[in-house]
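Just so you know, all these numbers are worked out from the coordinates, no wet-lab data involved. Remember, it's a predicted structure, so these values are computed and weren't measured experimentally. Cβ: placed from backbone, ideal geometry, glycine included. Neighbour counts: every protein chain shown.
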Amino acid sequence: MSKSENRVGAPRAGLPPLVTVVVPAYNEADILARNLAALEAYLRTLEPAYRFELVIVDDGSSDATGEIAEAFAAGRSDVVVLRHEINFRLGQTLRTAFGASRGDIVVVMDADLSYAPEHIGAMLARMRETRAKIVIASPYRKGGSVVGVPWLRRVLSKGANRFLSLMAPKDFFSDTLTNITGMVRAYDGEFIRGLSLWAMDVDVNPEIINKAKILRARIVEVPARLAWDESRRRGAARRGDSKLSLLRGTIQSLVSGYMFRPFHFFIAPGLLLFALSLYPLAWTIIHTVDQYGKLAGKGLSVDYRLSEAIAGAFQIAPHSFVVAGFALVVAIQLLSLGLLSLQKKRNYAQLFYLMSALSRDGRMSPKERAAAVDPLRNL
């Protein structure tokens, strides 16, 4: 692997594409040296079709992860080690890596190689074939598999991805996504470096998909094999990858689903409550009409008869009035919030699209682009 000197996002004429392989690492001292060697050995098999650089980000590890990464990089001009003083989590780790990358394609891999290095070749081939901006390695796609992952994590992960797949907008030029939370991906380098990101944790992965969808980027998947060995399970326990973190991940998936289509969270329950209110509402009308008819011929004015009819109907079935009224009011409020959230989602999409267009045209600096993200969070 040779070190590239070409300008970011523009491959030098006559040279193969430069691929930046990003490896986030947190407390991976036990396996890092072995896995980096295996990763480098595989990347050499893809030469000379591609050139490679390796960007390792130590995210504030409390063990010797950073020192091991720097020892691996010593004497290698195509390996870069970046270190965080504290553990910022995945979102900031990826932003750091993307900012330092120079590749025409940027590939993100797990330091534990739970996705084997061979997935890199599959993703690169798929990207060349489809001209996609993002290629995702998915164990939930036909032909993929999950091995050795604890059942609770497997069920929650698959359920979260099915939920996000339902929430994610569909388009005819992208695959129906099955692994929106997955980190192992290949990105068009210029595209991912120009994408403004703000999530700090694993929700950065759905955020990337959400914003890529807004920009009409093509996203495809390749079948993958996700395999945890015993060292991976021990490492998860050592890093505190507990039921609490699973709960946090589940909550983040719900929030990410809300970001995809916030109006669904109001429209669906609003329509359900409206439908439920129709039954007791119908009974209140039937009782009122019946009581109104019984007051006929008594010489009462119409408005007085109607008032007495309503009072009589309420005495017969007060619960119908209460249930119908409460459900109808809440349903109207939810439907109104759904329409408001739809409007704000569209405003967000339009502003983000405009911001990205201005950035690509060179009329917005990276600093201005970053500042523009903050007001978008409130939409």
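Here are some notes:
- Database remark: amide H of ARG51 closer than 5 angstrom to the amide H of LEU18, VAL19 (H placed geometrically; neighbours at sequence offset of 5 or more, or on other chains; Pro and chain starts carry no H).
- Ranked from largest, the principal axis spans of the Cα set of the chain equal 104, 50, 39 Å.
- With helices as the sole contributors, the chain gives -18000 deg cm²/dmol at 222 nm; each DSSP H run of n ≥ 4 counts as -39500 (n - 2.57), and the sum is divided by every residue.
- Formal net charge of residues neighbouring ALA29 (Cβ-Cβ distance under 9 Å; K, R +1; D, E -1): -4
- In sequence order, calculated HN-Hα J values of the stretch 49-66 (Karplus, 6.51, -1.76, 1.60; Hz; x Gly/Pro): 5, 9, 9, 10, 9, 10, 10, 9, 10, 8, 8, x, 4, 9, 10, 8, 3, x
- Interchain or long-range residues, amide H under 5 Å from GLU221's placed H: ILE136, ASP175
- Computed 3J(HN,Hα) for the stretch 124-140, one whole-Hz value per residue from the Karplus formula 6.51 cos²θ - 1.76 cosθ + 1.60 where θ = phi - 60°, is 5, 5, 5, 5, 5, 5, 9, 6, 6, 7, 9, 10, 10, 7, 10, x, 9, glycine and proline marked x.
- Database remark: amide H of VAL80 closer than 5 angstrom to the amide H of LEU54, VAL55, ILE56 (H placed geometrically; neighbours at sequence offset of 5 or more, or on other chains; Pro and chain starts carry no H).
- Over 24 Å (Cα to Cα) - which of LYS211/LYS344; LYS213/LYS344; LYS158/LYS344 fall in this group: LYS158/LYS344
- Per-residue Karplus couplings for the stretch 95-102, computed as 6.51 cos²θ - 1.76 cosθ + 1.60 with θ equal to phi - 60°, are listed in order as 4, 4, 5, 4, x, 8, 6, 10 Hz, Gly and Pro entered as x.
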